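Chemist: To start, I am sharing the structure in question, which I have written as structure tokens.
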Amino acid sequence: MTMKLPIYLDYHATTPVDPRVVEAMLPYFTQQFGNAASRNHAFGWEAEEAVENARKQVADLIGASAKEVIFTSGATESNNLAIKGVAEMYREKGNHVITCVTEHKAVIDTCKKLEKQGMRVTYLPVQKDGRVNLDELRAAITDKTILITIMTANNEIGVLQPIAGIGAIAKEKGILFHTDAVQAVGKVPVNVNELKVDLLSLSAHKMYGPKGVGALYVRRRNPRVLLSEQISGGGHERGMRSGTLNVPGIVGLGKAAELCRLEMAADTDRLSKLRDRLNAGLHKNLDELYVNGSMEHRLPHSLNISFAYVEGESLLMGINDVAVSSGSACTSASLEPSYVLKALGAGDDLAHSSIRFGLGRWTTEEEVDYVIEKLTNVVRRLREMSPLYEMVKEGVDLSKMQWVTH
Amino acid sequence: MAYSNKVIDHYENPRNVGSLPKDSTHVGTGLVGAPECGDVMKLQVLVNPETGIIDDAKFKTFGCGSAIASSSLATEWLKGKTVDQALAIKNTDIVAELSLPPVKIHCSVLAEDAIKAAIADYKSKQEKDKGVPATATHAQPNA
């Protein structure tokens, strides 16, 4: 088989829909188009049955019961519903939320909004490896803390947080625990009971399902979690999320979840080997590479590397037949370097030089080898052009330079 | 983001990449920008003592494609100009030539700064030769 260009290595951003998922969805656009809330005819019953089947498929993937799964439009909505829903519902119990500086904007900005409404939010720092320190979490808890929200895996660096440890602390203190697990679900085993998670956000399009559909796991026993709804209306989804259900999307999410559950072990094994091949190949060819975040606690398909003395956007320009992301300021809408990489304390210069690789279900060894070769050449070429690389080779300590900024 | 063909051309075939002997009295070096800002440019000119004309110009840049293209273009323009003509190069000329989008204008500003810093370094070396104390205008190691 010949390799097709461009190569997609940005599976953290989104994934293609698995053809088996598309096939499962198709009848629900045309033949079985009913409204799942139509209780008095066969069209509605069919749709409802499909939705309930998908609910079970999602629940099985995360070790939950079907009734604990609420369908949403995606993980951003799930995060909003979980955090705002808890903050409103448990307002009398407390006004303090604990999160972490490397969370996705869907969590950070939701927390900032709560702050404007008078809530108190603690943003825990992360250690050099990208993980929160459990002692610091303990120290941040007050008698007003009602929610801890920490992601399972980071979207930029792929680092897995100590979720079981956080869950145990939350349980001990009687605080609700939400995790944005959008990058982790379907990629690594996630069990809400083993991890003692009370609320969990997930999304279909990160696990080979369609865009525009996701779910929020809401624990029903020990404790029974209540949420103040953020979208009011016909009382769908146990009143927590009104709006006519996106039946084809939900069917797709369910099928995607089932495939992930059945194929996770094989995918993990294959992708972690390819990821390690990519990492080893780059390190063999190039010096001064820095892997961002823990290598040990990491998603199997994920790698984030800083190529010192080379700027990320110019790097991307040189590998324009490979789709990856960079933490460089020039590639972000905000023109700021990645706040996640800055939080690791590695220095802004390394954030500018970073590339995120996300491997996926259709990544091949041939593609990985092509990327190694291509990147090696581009990095070498750009370093020949880099005044910083030249200075370092001359023995200049860049950290002791006085830069003329503008 | 979409680059203009000229930016892509300078990125893929950069003109005058390299270094000139920075201790030479006929060479002016400008080093501007900062690693934590994501762009650093080093631009050097070699001035002919007889004619006062820039005989050679070299650059090295750490930065995005537009920063590389801006400094590459600057070296092209510098060659054959007098020092005063060089100082007349404006960042807006670079923006126009490379069709830089608004978010990339700072790259052209940095290139203009690099030209000015290189010329100032050259001039200070000339004055130093005449025994006038000079002031540093480009990045240097802390004392």
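Chemist: Suppose the filter is more than 9 Å from chain B (Cβ to nearest Cβ) and at pLDDT below 95; does A:Lys393 pass it?
Modeler: yes
Chemist: Just the residues that are more than 11 Å from chain A (Cβ to nearest Cβ) and surrounded by fewer than 24 Cβ atoms within 10 Å (Cβ to Cβ), please, taken from segment B:31-48.
Modeler: Step one: filter segment B:31-48 for residues more than 11 Å from chain A (Cβ to nearest Cβ), giving B:45-48.
Of everything in segment B:31-48, those that are more than 11 Å from chain A (Cβ to nearest Cβ) and surrounded by fewer than 24 Cβ atoms within 10 Å (Cβ to Cβ) turn out to be B:Leu46, B:Asn48.
Chemist: Of (1) among the small types (Gly, Ala, Ser); (2) crowded, with 16+ Cβ neighbours inside 10 Å; (3) on the phi < 0 side of the Ramachandran plot, A:Gly293 satisfies all except one. Which?
Modeler: Status for A:Gly293: all satisfied but (3).
Chemist: Has segment A:91-105 got at least one residue that is buried (at least 21 other Cβ atoms within 10 Å of the Cβ), of a type in the set (Ser, Thr, Tyr) and over 22 Å from A:Asn292 (Cα atoms)?
Modeler: For segment A:91-105, residues buried (at least 21 other Cβ atoms within 10 Å of the Cβ), of a type in the set (Ser, Thr, Tyr) and over 22 Å from A:Asn292 (Cα atoms): absent.
Chemist: Next question, about the same structure. So if I check each of A:Gly214, A:Gly209, A:Gly293, which one is under 27 Å from A:Glu373 (Cα atoms) and under 16 Å from the mean Cα position of the chain (by Cα)?
Modeler: A:Gly293
Chemist: Applying the selection to segment A:248-259, what residues are buried (at least 24 other Cβ atoms within 10 Å of the Cβ) and within 16 Å of A:Ser73 (Cβ to Cβ)?
Modeler: A:Ile250, A:Val251, A:Gly252, A:Leu253, A:Gly254, A:Ala256
Chemist: With the requirement that a residue be without any contact (Cβ under 8 Å) to a residue 12 or more places away in the chain and either in contact with a His (Cβ under 9 Å, 6 or more places away or on another chain) or among the hydroxyl-bearing types (Ser, Thr, Tyr) (or both), what does segment A:223-242 give you?
Modeler: A:Ser232
Chemist: So, one more: Would you please list the contacts, defined by Cβ atoms under 6 Å and residues six or more apart or on different chains, that run from a residue in segment A:380-406 that is more than 20 Å from B:Glu12 (Cβ to Cβ) and without any contact (Cβ under 8 Å) to a residue 24 or more places away in the chain to a residue that is polar (S, T, N, Q) and assigned to a loop (DSSP other than H, G, I, E, B)?
Modeler: Pairs found: A:Lys400/B:Asn142; A:Gln402/B:Asn142.
Chemist: Here's a follow-up. Restricting to segment A:2-15, what's the tally of residues that are farther than 14 Å from A:Lys255 by Cβ and surrounded by 14 or more Cβ atoms within 10 Å (Cβ to Cβ)?
Modeler: Qualifying residue count for the region: 8.
Chemist: Moving to a separate point now. Would you mind stating whether A:Ser314 is out of contact with any Asp or Glu (no Cβ under 9 Å at 6 or more places or on another chain), within 12 Å of chain B (Cβ to nearest Cβ) and of a type in the set (S, T, N, Q)?
Modeler: yes
Chemist: To continue, here is another question. Just a yes or no: is a residue in segment B:82-92 free of Cβ contacts under 8 Å to residues at least 60 places away in the same chain, farther than 28 Å from B:Asn5 by Cα and over 16 Å from the mean Cα position of the chain (by Cα)?
Modeler: No, that holds for no residue.
Chemist: Among the listed residues B:Asp113, B:Asp121, B:Asp93, which satisfies the condition of being away from chain A (no Cβ under 14 Å) and either modelled with pLDDT under 95 or in a helix (DSSP H, G or I) (or both)?
Modeler: On inspection, the qualifying residue turns out to be B:Asp93.
Chemist: Here's another thing I want to ask about it. Can you tell me how many residues in segment A:47-73 are part of a helix (DSSP H, G or I) and among the aromatic types (Phe, Trp, Tyr)?
Modeler: Step one: list which residues in segment A:47-73 are part of a helix (DSSP H, G or I), which gives A:47-62, A:66-68.
Now restrict to residues that are among the aromatic types (Phe, Trp, Tyr): none.
The number of residues fulfilling the criteria is 0.
Chemist: Also, I was wondering about something else. Residues that are touching a residue at least 24 places away in the same chain (Cβ under 8 Å), more than 10 Å from chain B (Cβ to nearest Cβ), out of contact with any strand residue (DSSP E or B) (no Cβ under 9 Å at 6 or more places or on another chain) and more than 24 Å from B:Lys104 (Cβ to Cβ): does segment A:321-339 have at least one?
Modeler: no
Chemist: Looking only at segment B:49-79, filter to residues that are assigned to a loop (DSSP other than H, G, I, E, B) and more than 10 Å from every other protein chain (Cβ to nearest Cβ); which one of those is surrounded by the fewest Cβ atoms within 10 Å (Cβ to Cβ)?
Modeler: The first filter runs over segment B:49-79 and keeps only residues assigned to a loop (DSSP other than H, G, I, E, B), leaving B:49-52, B:63-64, B:79.
Checking the rest, the ones that are also more than 10 Å from every other protein chain (Cβ to nearest Cβ) come to B:49-52, B:79.
Values: B:Pro49: 9, B:Glu50: 7, B:Thr51: 9, B:Gly52: 12, B:Lys79: 16.
The residue in question is B:Glu50.
Chemist: Related question: For residues in segment A:361-406 being among the charged types (D, E, K, R) and closer than 14 Å to B:Phe62 by Cβ, which is surrounded by the most Cβ atoms within 10 Å (Cβ to Cβ)?
Modeler: Among them, the one singled out is A:Arg383.
Chemist: Count, please, the residues in segment A:21-55 that happen to be within 11 Å of A:Gly254 (Cα to Cα) and surrounded by 18 or more Cβ atoms within 10 Å (Cβ to Cβ).
Modeler: Of the residues in that region, 7 qualify.
Chemist: Residues being within 22 Å of A:Gly318 (Cβ to Cβ) and more than 11 Å from every other protein chain (Cβ to nearest Cβ): count how many of those fall in segment B:17-29.
Modeler: The qualifying residues number 0.
The values are calculated or read from the model by the stated rules, or taken from the named source; none is laboratory data. Worth saying up front: this structure is predicted, and the values here are computed from it rather than measured. Every residue, glycine as well, gets a Cβ built from its backbone with ideal geometry; the counts of neighbours run over all protein chains shown.
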